[in-house]
1. With a point put 7 Å past each Cα toward its Cβ, work out how far residue 95 is from residue 127 in nm, to one decimal.
2. Let me know the shape class of segment 39-133, please: from the alpha-carbon gyration tensor, a ≥ b ≥ c as square roots of the eigenvalues, rounded when a/c is under 1.5, otherwise prolate if a/b is greater than b/c, or oblate.
3. Could you check the simple spin-label distance between residue 88 and residue 63, using points 7 Å along Cα→Cβ, in nm with one decimal?
4. Return the distance in nm (one decimal) between the two label points of a simple spin-label model at residue 46 and residue 80, each offset 7 Å from Cα along Cα→Cβ.
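None of the figures in this text is laboratory data; all of them are computed from the coordinates on show. Every value quoted in this text rests on a predicted model; they were computed, and no experiment measured them. Note: ideal-geometry Cβ built from the backbone for every residue, glycine included; neighbour counts use all protein chains shown.
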């Protein structure tokens, strides 16, 4: 149960700079392709093992990027500086997601949405991330 809570906490902010106060990945994908927003929701029902594995790989990279910007973000003195850091980090995170084989930003978003609604998907993500860490 605590693993499910951990992944839900992580995914609640969509991974993309959640701790930095950035927009969630779903907003990034939907802003980038607003005409495809219904696709993101439709894909949530089609989360297979390959997508979970790809998501886990991308999420590890997204977390690394988020962590690498955290100190700079916290040291920023103005909202404008924080916004610039946020935008730079978000771009890097989106690129990391796009560079992940077998995963689009829209699919990444769909996995987040599905995991927030279905604890079994969150658990599958936890397992995939744990397997990748070993």
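1. Reported label-point gap for residue 95 and residue 127 is 3.5 nm.
2. Because a/c hits 1.5 or more and a/b exceeds b/c, segment 39-133 counts as prolate.
3. 2.4
4. 4.5
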